[in-house]
Every structure is written in structure tokens, then in C-alpha cells.
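Asks: Quick one: the structure is below, questions incoming.
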Amino acid sequence: MKKQSSILWIGSIVIVFVISYLNKITSAEYPVTGTIGIEGKKVSYRFQKINYGNDDYTFEIRTDLDSLEGKYYYKNPNSEVWQSEHLMSKGFLLVGTLPKQKPETSLEYYAELNAKDRALVIPDSKKVTITFFGKIPIVIDVLQFILMYAGLMLAVRAGLESFNNNITTKKIAVMFLIIFLTLNALINPLYLTYKYGFINNTIPSIERLFDPAVFMIFILWIVTTILLFTRPKLKYTSLVSAVLTLLIFYFLN
């Protein structure tokens, strides 16, 4: 029995890891990256779409070509005028800096590289939109991460318990509710307050202090837990809820 339980725990960890990884790499916020060749040398870049913090955003272009230089361009999405600056050379890097912005403010930017008589625009799509957010204290950031993924792991583990005759499903569901109640009521409001820069600036509407996906998952498991205690003959209740939880997390988070 202990061996089977261990397998289910390992399975839940693997499932959450895979879904989280797929969610990250398919997200619209995933950085724009690429590698191009100039005169037989590699040039690699990584342009972020999200920036957290109260400082300027710095991006780097790595190049093996000593003579490479260029400019970068940026503007507000509502403006027609592009501002330009020279990329700074730092060893194997060309560095550009975008000025810090208020939370939820965006800038469009791209770079143009010059090597001899050849000019290349990166990325190929010509521009990347980056959105700025406030600096989140490390403690809040870590707690948000731990509670989120601990909760997801428990949700999946409760679902897999359907294959183990639901021996501990109720206990796991209650543990999940405790974690997600803490996440929804305490941690996420603080996390979003810092992210959107509400402190000392504005009084947000109540819905802006809740993550829709996290809140939906919490409500889903309140209903699930009630069914587990009142309709124990519904063997696959937790399994269905676990699948719905992963779908909500993947598509809405």
C-alpha cells in the first residue's frame, strides 16, 4: 500500500511539472529567442515580454563577432514615434536598456544590427511588446509559488486516489482547500497588489485582488469536497475535478 501511495505521489509531481512546463513555453508571455548567423558567427538574443521590478529593463544580445554594432528602437504602443539608442558593447554582449515604466505599462522594441554593408532586424517579427509590473517582495513571491504548486500537486494526487479506492481522497481535498484558501485570501491579494503597483497609488476594485484561475479552482474544489463527503459512491469525482483543475490552470493561468 505504501509503495502504491508513493507511486501516486510521484505521478502527481510529474504531471504538475509537465503541465507547468507546457504552460510556460506556450504562454504568450514567453520570451522571444533566436540565433542567427553573421559572417559565419553566431548571434543569439532573448527579448523578454514581461518585466518585474522598479528598475530599467536591460536586454542582451550575445555575439561572437567583434565588429558587430547596432541600435535598438522603442516606443509606447499608442505612439507613432520610435526612439533609438546605440547598443552598448560589453565583451561578447551588445546591451540595450529600456526606461522603467509604471506597472501595466507596455513598450514595443526591437534591434537593428549592422555588420559591414549588411543590416539585420531582430527579432524577425520586428518588434516585441514588453509589459512592466511592480517589484514583488521575495517572500511573497516564494510563498505564492509554493502554495500554488503544492495545491496543484494535491489536486492531482486527490484525482489519482480514485485508482486507490479513494482511501485518503477526503483528507487530501481538505488539505488542498486549506492551502488554496490561504492563497486566495492572503497571499494572492498581496502578490497582485505589488504586481500592479496599487500600494500608495490607488484603491483597487475587489476583483483585481483575485486571480480568476486560482479562484475558479478553489470554488471547484469546494464543490468537489462537498460531493466527496455527501456522495461517496461517486468514485471518480476527484479525478474529474483534477482534470478540470489542470485545464483551468493551463488555459487561464
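Asks: Here's a check for you: in the range 49-69, which residue that is of a type in the set (A, V, I, L, M) and in a strand (DSSP E or B) is nearest to Val95 (Cα to Cα)? Spell out how you get there, then give the answer.
Replies: Filtering the range 49-69 down to residues of a type in the set (A, V, I, L, M) leaves 50, 61, 65, 68.
The next check asks that each one be in a strand (DSSP E or B); those that pass are 50, 61.
Details: Ile50: 18, Ile61: 6 Å.
Within the range 49-69, the match that is nearest to Val95 (Cα to Cα) is Ile61.
Asks: Taking Lys126, is it of a type outside the set (S, T, N, Q), farther than 14 Å from Ser20 by Cβ, at pLDDT 95 or above and surrounded by fewer than 16 Cβ atoms within 10 Å (Cβ to Cβ)? Before the answer, list the steps.
Replies: On the way: of a type outside the set (S, T, N, Q): yes; farther than 14 Å from Ser20 by Cβ: yes; at pLDDT 95 or above: no; surrounded by fewer than 16 Cβ atoms within 10 Å (Cβ to Cβ): yes.
No; evaluated as a whole, the condition is false for this residue.
Matching residues to (1) assigned by TED's automatic domain parsing to the domain that holds Asn51; (2) closer than 22 Å to Tyr45 by Cβ; (3) part of a loop (DSSP other than H, G, I, E, B); (4) touching a His at 6+ places or on another chain (Cβ under 6 Å):
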residue	(1), (2), (3), (4)
Lys71	yes, yes, no, yes
Leu113	yes, yes, no, no
Thr129	yes, yes, no, no
Met148	no, no, no, no
Leu154	no, no, no, no
Gly159	no, no, no, no
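Asks: Is it the case, given these coordinates, that Lys171 is part of a loop (DSSP other than H, G, I, E, B) and either of a type in the set (A, V, I, L, M, F, W, C) or at pLDDT 95 or above (or both)? Steps first, please.
Replies: Values: part of a loop (DSSP other than H, G, I, E, B): no; either of a type in the set (A, V, I, L, M, F, W, C) or at pLDDT 95 or above (or both): yes.
Taking the combined requirement at face value, the residue does not satisfy it.
Asks: Please find, among Leu120, Leu94, Leu87, Leu143, the residue that is within 21 Å of Ile199 (Cβ to Cβ) and touching a residue at least 12 places away in the same chain (Cβ under 8 Å). Even if it seems obvious, please write down each step before you answer.
Replies: Working: Leu120 fails: within 21 Å of Ile199 (Cβ to Cβ); Leu94 fails: within 21 Å of Ile199 (Cβ to Cβ); Leu87 fails: within 21 Å of Ile199 (Cβ to Cβ).
Just one listed residue meets the conditions, Leu143.
Asks: Looking only at residues that are touching a Lys or Arg at 6+ places or on another chain (Cβ under 9 Å) and β-branched (Val, Ile, Thr) in the range 215-253, which one is surrounded by the most Cβ atoms within 10 Å (Cβ to Cβ)?
Replies: Thr237
Asks: Quick test for you: out of Lys102, Lys42, Lys116, pick the one residue that is exposed (fewer than 14 other Cβ atoms within 10 Å of the Cβ) and modelled with pLDDT under 90.
Replies: Lys116
Asks: Among the numbered conditions (1) buried (at least 16 other Cβ atoms within 10 Å of the Cβ); (2) at pLDDT below 95, tell me where Gln48 comes up short.
Replies: (2)
Asks: For Ile140, are the conditions met, namely being under 29 Å from the mean Cα position of the chain (by Cα), part of a helix (DSSP H, G or I), assigned by TED's automatic domain parsing to the domain that holds Phe198 and surrounded by fewer than 14 Cβ atoms within 10 Å (Cβ to Cβ)? Spell out how you get there, then give the answer.
Replies: Values: under 29 Å from the mean Cα position of the chain (by Cα): yes; part of a helix (DSSP H, G or I): yes; assigned by TED's automatic domain parsing to the domain that holds Phe198: yes; surrounded by fewer than 14 Cβ atoms within 10 Å (Cβ to Cβ): no.
The answer is no for Ile140.
The values are calculated or read from the model by the stated rules, or taken from the named source; none is laboratory data. What you see is a predicted model; the values in this text were computed from it and never measured. Quick reminder, even Gly has a Cβ in these numbers, built from the backbone with ideal geometry, and neighbours come from all protein chains shown.
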